[in-house]
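The values are calculated or read from the model by the stated rules, or taken from the named source; none is laboratory data. Since the structure is predicted, the reported quantities are computational estimates derived from the model, not experimental observations. Cβ sites come from the backbone with ideal geometry, for glycine too, and all protein chains shown count toward neighbours. The accessibility values were calculated without ligands, DNA or RNA, using every heavy atom of the protein model including side chains. Shrake-Rupley method; radii C 1.70, N 1.55, O 1.52, S 1.80 Å.
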Amino acid sequence: MTQGLLKSIFGLALLAILIVVTVLNIWQTDRTEKKQIELIDRVGQIEKTLEKGLPAAGSAAAASPSGGIFGVAEPSYITEAFRDPNNVLVRDAAWLPPVAEGGGTLNLKFGSDPKGFNFVAENGADVSEIQKYVSMFLIKYHRTDPAKKAADLAYSLVISEDKKTFTFKLREDVYWHEPAVDFGTGDYDWLKGDQKVTANDMVFMLDMLMNPQVAGAAPIRSYFESLESYKAIDDYTLEIKWSEAKYTHLMIMHSIYPVPEFIYAFDEQGNRYDESVLGQRFQDHWYNPRAIGCGPYRFVTFEPGVKIELERDPRFPLGGNAHDTIMIRILKDQNAWARLLRTGELHLSQLQPGQYRSEVLEGAPESPFKDGTLQGGEFWTHSYFYIGWNSDKPWFGDKQVRWAMSHAFNAELLLEDVFMGLGERVTGPMPTINAPYYDDSLPAIPFDLDKAAQLLEGSGWVDSNENGIRDKTVDGQLVEFEFDLTVYGSSDEYKTLGNIYKEDLAKVGVKMNVRPMEWSNLLKRVDDREFDAVTLAWVSSPDVDFYQIWHSTQADIPKGSNRVGFRNPKADEIIEALQREFDYDERVRLANSFHRLVYEEQPYTFFYTRKRKVYWQRQLESVTFGKVRPYMNPRPWFLASAGQ
Amino acid sequence: MGLYIIKRILLMVPTFFAISFIVFIILNLAPGNPGAEILGAGDGGQSAQLAGQQQESYRLFKEQFNLDKPILLNTRFAMSTRTVRKNLTQIIASGDEVSAKDKIAAQENIVDWGHYSIPALVEIVGTDPDRSIRALAAQSLALNAQRRLMKQYGGKLTAEERDQNRQISEENELVRSWVYGKDSAADVEADVQRKWAAWFTEHGDRWDWSVGDKAAIFFFDTRFSKYWGNLARLDFGISHTDKRPVLDKVLSKLKYSITLSFTSVILIYLLSVPLGIWSAVKQNTLPDRVLTVVLFMLYSLPSFFVGVFLLNLLTRGTPYQAFPTTGFSSLNTSQMTGLEYLGDVMWHVFLPIVCLSYAGLAVLSRYARTGLLDVIRSDYIRTARAKGLPEWVVIIKHAARNGMIPILTLLASLLPTLIGGSVVIEVIFGIPGMGLYVFESIGLRDYNAVMAVLLISSVLTLIGMLLSDLSYALVDPRITFD
C-alpha cells in the first residue's frame, strides 16, 4: 500500500517537474523570439534612416529639394518637351497640396480577392485598382482638365500628320520595383539588381497583348485590330503605327504600360521560356500572385482573404505617394466596412447603399457617421443604369411606345426613395460626369401617365377586347401588350423597381411581369436576345466611343453589345465620324448630337448615374476623389502628423 | 481489425469514384459558362466588349480546361459534313431566320469540335456551292486546324520538343493565314482552296482512325476521363480564374477551416458529454429542465443570426469591446512570437467557434443524456450500485462508457455539417477558409476549384466515418470487427 502511494507520488512529482520545465522552455523561446523580432525591427529602421540620409549627404542629382513625396525636380529635357507645340501631352496637376506630410500607414479595404496581378491577363476592377498604385502608365487622363492628356511614363507624344503614327518619348529616370520574392533563399538571385524601365518593356507588353495565347488580354486586344507595327527606336523612344486613323487608338493608349520582360519571359529558375509557348506561360506565370511595376507604390505581399500590403517607392519620380505603407484589408462581408470605420481600423471606405441607409439615414445622432468623428464625401462613377427595350419584339419597335414607357417610369420617386438619392438622372448614353460630351441641356423625361396613355393610343395600342390590357393587330395577329422585365435578382432595389413600374404600367393598360435572375443567367439571356426588356448598367470611360453599344453592325453579331437592336443610319454616321475625329471641340459637338439623337429615339429608358458615399477619419487630410477609376485614389491624401 | 481497416479503405475507392462522378456531372450540367464575363457582377454593370473577334484566345482557354470536350462520351470521330454545314449556315443566317441563341450555340459547336471538324470543313471549303459558307469554313479551318503545342499548358520542354514546337508554330502560322473575306476576288479564293486541299492531302492521315483509335476517343477524349486521368496523378488542375494550382489554394485555406472545425468538434465533445451526464443524473429536476429548454433554444437559433448578433455586441466599436471585428489573426503577425500568434488566433476565432459549436453542443448533449439514461436503467448498473460502489464510480466508470457509444456515431455526421456551416460563419467573420472559397468558386463556375474542395471534404468525411466506426471498438470491448 505504501509502495503504491510512493509510486504515485513519485509519478506526480515527475509530471509536475515536466510541466514546469515545459512552461519555462516555452517562456524562454518566446523571449528569444521577441528579442529577434526587436533586432530585425531595429535593423529595418537603421536601413530606412540610411536610405533617407544618403541623398542628403551625397549625390546632388538625387537630393533635389522637391524630391520625396512631391517627386523629383523635373529634368530639363522634359520641361523642354512640354514647350513643344506638337507634343500632345501636358504636365499633370500636382497630387499633393504643399502642406502635405509624408509617413504613416494608410488602412483601406477591398471587397474581394484580386485574381492575380498579371495586369495584361487580368482585368478585374480590383486588379486594375492595384495596378493604378503599382504601375506607371504610358499616358494618363489629366486630373482636372478632361480635354487634355497628361504625361506619365511618356512625357512626349507626337502624332503624325496622317494620325497613323504615334511617337512616344519615355522618362529616363524610372526603375522597376524590387520583385516581391524571398531573396533570402538564394533561389531568386537571378532577379537581383536594379533594372531601368525602357521602351523594350513597352514592346514586351504589346507582344503579350497581341499574343493569342494570352486569353485574358482578348477584351482589350480588340481595340488593336488596326495595329500595324510597334517598335523601340531607342531605349526611350517608342513608335506605334496604325493602318487607319482612329481616335480610339489614342484612347487605348491610356490602358498600356510597361511590363518587365526580365521577370515574365523567364521561369522560376531564371530560364527563358521557349518562344512557341511564351504567351501561355505568361498567362499562367509563376509571378502572377504578386505584382510588379514602376509606380508610386511597391507591391509587398498578398495574403488571399486577408490583406494586400504596398509600400512607398522612394525612387518614384512623380511624387504623390505620401503614405509609407498602404494596407488593404480584404473584407468580403460589406457590413464589416462600416464596423471597421467606426473602430478606426479603416481610414476610409465607401458605404454600400444598405449601410448608408442603416448607418447614416437611419443612424442614431451620436453615431460616428453623424457626430463629426468621420468625415463624409461622395464621388461619381462612370456608369449609367437603364432599361433596354428589345426593338425586335412586337411592342418596342415603335419609337412612340418607347417614349410612352419612359413617361410611365417614375424615375424621380425610385431614385429618391428606393435608391436613397444616391445618384442623378441621365438622359442619354453616357453618365453626366462625361460632360461636356454629355449634353445637359436635354430635360429628363417626366413621369406622366396621361402622356404615356396618349402615346400608346397614338401608336395603335388600344384595349379592343376589353380585358384590361391594350392590344394591337400585328401581321394579322392580335398581340396583347404583356411583356417580361428581366432584372438583376440579387439586388432588392431592382425587384422593388420592377414592382413599382409594374403597378404604374398597369394603370395605362400594360401588363408587365418582373423576372429576377442571377447574374450569369441574366447575361446569357441577354446574349441570346431572349428578353423583352432588361435593367442593366454600362460602365464607360472618360473618353466616349459609341461603336460597340450603338452601331448597327453590332446588333447582328452573336454576343454583340447592341442588344436592343438599335439600327439608325444617322447614328452610324455620327459614331464613325466621332471615331475619326481628334479635335476636342469637334468631338464634343459630335457627342452632343449623338446624345440628342439617342434621346429622340429612346432605345433605352435612361435611368440614373450613380454616386458613392465615402467616409473617412479626420486624421486623413486633403481627401479628394478622381474623375477616373480608381475614384478613391489615395495619391492626393496624407495622414496628418503621421510623420512623427 | 487490420483486415477490417483494409477492407474499409478499399471500399472507399469506389465510393470516392461514385462521389466524384456525381459531383462532376452535376457541376458540368449546371447552366452558365466559365468563360463568361463576370466583370462588375456585384453592381449589375458591365463594360462593353467587341464580340466575336477573339475566337482564337477563347478556343485556347477552352482547350486548356478541356471545356471543348464532351462530358462523358465522345462520338465526334463520326462527325458528318452535313452537321458541320448546318452549324455554319446558322452562324451566317440573318436574325430573322435563326435566333441569337442558336447562333451562339452553333458558333460554340464549331469551336468545340476543333480538329474533329477538319475533314468536313476541308470538304466544304473545296466543294460547297454557297460562297459565304466556303469563306466561313476557311476561317473556321484557320482556327481549328492549328495544332496544340507540346506541353502548351505547362512543363519543361526538352530540346526535341522545342524543335517540334517550332515546326508546329510554323505550320500554325501558315494555316492561320489561309483565309479570305466574303468579298475577296475569285483568284484569292481559288488560291486558299488549293492550299487547303494540298495541306489535307499531305496531312489527311491524321484523321484516319482505326477502330482502336475510335474506341480510345470514345471513352478517353472526354472531360470526365481527362479529369480523372489528372486526378489519378493527384493533379487537381488549375483554377481558371487566377491560373494557380487549386490544390495549393485549397491547402492554404485548409488551415483556417481545420482550425475552426476541429476546435469546434473538440469543444462540442468536451462540453456536451459532461452536460449530458449531468442532466441524465439530475433527470427531471428543475435544473435539467431549464438546461433542456436553453439548449433547444440555442439549437433553433440560426448561426448567421447569432454571428451577426455577437459581432454587434462583443466586438470593438460595440458596447462590450472584447473581441476583434474580423479576420483570422491580426495583420502584423510577422511581429509576433509563436506564443503571441497562438493567443492572437485564439482571440480572433473565439466567436466563430462559438457560432459553429453551440448547435452541435445542443444536439450532442441531448444524445448523451438519452444514451446514459438508457444505460442507467439496465441491470448491471443496479448491480454496481448494490455492490456499494460510490455513485460517481457507477456513472463514470460503468454507465458512461456504454452510454456514450451513440454519440460517437454522430462524429461522422458532424463533420460535413461543420464544413457546410462554416461557409456562412467564414463570410461573417471574414475568415478566408474553404467554405468561403467554394462558395465564390461556384459563382465563378470554377469547376476545378469546386471539384477539389468537394473531393477533399468527402475524403475527410470518409475518414471521419472510418474513425468513428473504429472508435466503437475502443469504447466497447464487446464490439469487434473480425
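Some notes on this structure:
- Per DSSP, loop trypsin sites (Lys or Arg not before Pro) in the range B:153-205 with at most 13 further Cβ within 10 Å: B:Lys156, B:Lys182
- Along each principal axis, taking the top coordinate minus the bottom one, the Cα set of chain A gives 104, 88, 53 Å in descending order.
- Scaled radius of gyration (Cα, divided by 2.2 N^0.38 Å) that the range B:184-287 gives: 2.45
- Radius of gyration and Dmax over the Cα atoms of the range B:291-398, both given in Å: 21.2, 62
- Chains B and A together bury some 6300 Å² of accessible area, summed over both sides, with a 1.4 Å probe.
- The angle separating the long axis of helix A:199-210 from the principal Cα axis of greatest extent in chain A is about 50 degrees.
- Counting all C-alpha pairs of the range B:246-475, share separated by more than 29 Å (%): 39
- Mean separation of Cα pairs under 8 Å and 6 or more residues apart, divided by the residue count, gives chain A a relative contact order of 16 percent.
- Euclidean distance between Cα centres, the range A:150-216 to the range A:253-293, Å: 11
- Chymotrypsin sites (Phe, Trp or Tyr not before Pro) within the range A:566-614: DSSP coil, no more than 11 neighbouring Cβ in 10 Å: none
- Rounded to the nearest 20 debye, dipole of the range B:246-475 from Cβ charges on Lys, Arg, Asp, Glu: 720
- Computed label-point distance, nm, for sites B:Thr127 and B:Ser378 using a 7 Å Cα→Cβ extension: 8.3
- Using distinct alpha-carbon pairs, which all enter the 1/r mean, Kirkwood radius of the range B:283-346 in Å: 14.7
- Heavy-atom accessible surface of the range B:138-247: percent carbon and sulfur, 1.4 Å: 55
- Taking the Cα atoms of the range A:201-280, the ratio Rg/Rh between the radius of gyration and the Kirkwood radius comes to 0.98.
- Two-decimal log10 I(q)/I(0) for chain B, as the Debye equation yields it once each C-alpha is a single scatterer, q = 0.09, 0.14 Å⁻¹: -0.82, -1.38
- Where only C-alpha atoms are counted, convex hull volume of the range B:73-221 per residue in Å³: 136
- With kT/(6 pi eta Rh) evaluated at 37 °C and eta = 0.692 mPa s, and Rh the Kirkwood radius from Cα pairs, the range A:300-352 diffuses with a coefficient of 259 µm²/s according to Stokes-Einstein.
- Shape of the range A:260-404, Cα gyration tensor, a/c cut at 1.5: oblate
- Among beta bridges identified by DSSP and lying wholly in the protein assembly as shown, the antiparallel ones come to about 75 percent.
- Base-10 log of normalised Debye intensity for the range A:465-530 (one unit scatterer per alpha-carbon) at q = 0.11, 0.17 Å⁻¹: -0.34, -0.70
- Taken as Cα centroids, the range B:90-146 and the range A:587-633 sit 42 Å apart, rounded to the nearest whole angstrom.
- Directionally averaged shadow of the range A:390-540, computed from the convex hull of its alpha-carbon atoms, nm²: 9.9
- Averaging the sequence gap over all C-alpha pairs within less than 8 Å and six or more residues apart, then dividing by the number of residues, gives the range B:73-221 a relative contact order of 28 percent.
- Gain on full extension, evaluated as 0.36 nm per residue between A:Arg315 and A:Lys370 minus their Cα-Cα distance, stands at 15.7 nm.
- In the range B:219-271, the inverse of the mean reciprocal separation of distinct Cα atoms equals 13.5 Å; this is its Kirkwood hydrodynamic radius.
- Direction-averaged projected area, Cα convex hull, the range A:467-595: 10.4 nm², rounded to one decimal.
- Placing unit charges on the Cβ atoms of the charged side chains and taking the dipole of the protein assembly as shown about its Cα centre, the candidate lying farthest along the positive direction among A:Tyr608, B:Phe481, B:Leu466 is B:Phe481.
- Rounded tilt (10° steps) of A:125-134 against the dominant C-alpha axis of chain A: 50
- Of all lysines in the structure, those lying under 21 Å Cα to Cα from A:Lys451, and not within fewer than 8 positions of it along the same chain, are A:Lys399, A:Lys472, A:Lys502, A:Lys507, A:Lys511.
- Per-selection Kirkwood Rh - the range A:127-224 (Cα, Å, 1 d.p.): 16.3
- If you take the Cα centroid of the range A:542-558 and the Cα centroid of the range B:370-398, the two points sit 83 Å apart.
- Accessible area per residue in Å² at 1.4 Å probe, computed on chain B: 49
- Bins of 10 Å, starting at 0 and running to the largest distance - Cα pair percent for the protein assembly as shown: 2, 8, 15, 20, 20, 16, 10, 6, 3, 1, 0, 0
- Quotient of the Cα radius of gyration of the range A:522-606 and 2.2 N^0.38 Å, N being its number of residues: 1.13.
- Helices in chain B, meaning DSSP H runs of at least 4 residues, each add -39500 (n - 2.57). Divided by all residues, the mean residue ellipticity at 222 nm is -22500 deg cm²/dmol.
- Proximal aspartates and glutamates to A:Lys495, defined as alpha-carbon separation beneath 15 angstrom and excluding residues fewer than eight positions away on the same chain: A:Asp417, A:Asp484, A:Glu503, A:Asp504, A:Glu518, B:Asp43
- Scattering from the range B:361-482 was approximated by placing one identical point on each alpha carbon and applying the Debye formula without solvent; log10 I(q)/I(0) at 0.16, 0.20, 0.22, 0.23 1/Å stands at -0.85, -1.08, -1.19, -1.24.
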